[in-house]
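See below for the structure under consideration.
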Amino acid sequence: MTLLSANIQFVPLHAEDPMKAVDEAIALIQSAGISHEVGAFGTSVEGNADVVKDLINNLLKSTFSKEFLLNVQYHVGVDKLSNEEKVAKFR
């Protein structure tokens with residue numbers, strides 16, 4: 001199993017209730033069944049690469065907002081630190 005880490009930021013542009021759209025995006029992330037941590041400016045996820053990619057595709061197909069930005073940063077590599085290892089010294 002190949003692990004993939006990503007940081008996801010869902011930014012609704014034309015939504016009647018922007019925070020509701022963000023909450024729905026976060027609920028979709030939570031339902032993916034992978035490790036995740038919600039932050040003020042995005043959500044970090046980590047899990048099976050195929051599951052992470054499917055999650056991104058599902059967010060792209062979402063209808064939470066008529067128009068939105070989806071910012072995704074991937075951490076790719078063989079010997080990379082886990083998300084937990086990256087922040088452990090700050091907790």
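Annotations
- Of all residues in the range 12-31, none are in contact (Cβ under 8 Å) with a residue 40 or more places away in the chain, out of contact with any helix residue (DSSP H, G or I) (no Cβ under 7 Å at 6 or more places or on another chain), within 19 Å of Leu81 (Cα to Cα) and not aliphatic (A, V, I, L, M).
- Residue count, the range 64-90 (criterion: among the aromatic types (Phe, Trp, Tyr), under 18 Å from the mean Cα position of the chain (by Cα) and either at pLDDT below 90 or outside any loop (DSSP other than H, G, I, E, B) (or both)): 2
- Looking across the range 53-63, the residues that are loosely packed, with under 13 Cβ neighbours inside 10 Å and outside any helix (DSSP H, G or I) come down to Lys61, Thr63.
- Condition met for Leu4 (exposed (fewer than 11 other Cβ atoms within 10 Å of the Cβ) and part of a strand (DSSP E or B)): no
- Close Cβ contacts (under 7 Å, 6 or more residues apart or on different chains) running from residues in the range 56-73 that are more than 13 Å from Gly42 (Cα to Cα) to residues that are crowded, with 18+ Cβ neighbours inside 10 Å and among the aromatic types (Phe, Trp, Tyr) comprise Leu59/Phe10; Phe68/Phe10.
The values are calculated or read from the model by the stated rules, or taken from the named source; none is laboratory data. Because the structure is a prediction, the values reported are computed rather than measured. Backbone-built Cβ (ideal geometry, glycine too); neighbour counts: all protein chains shown.
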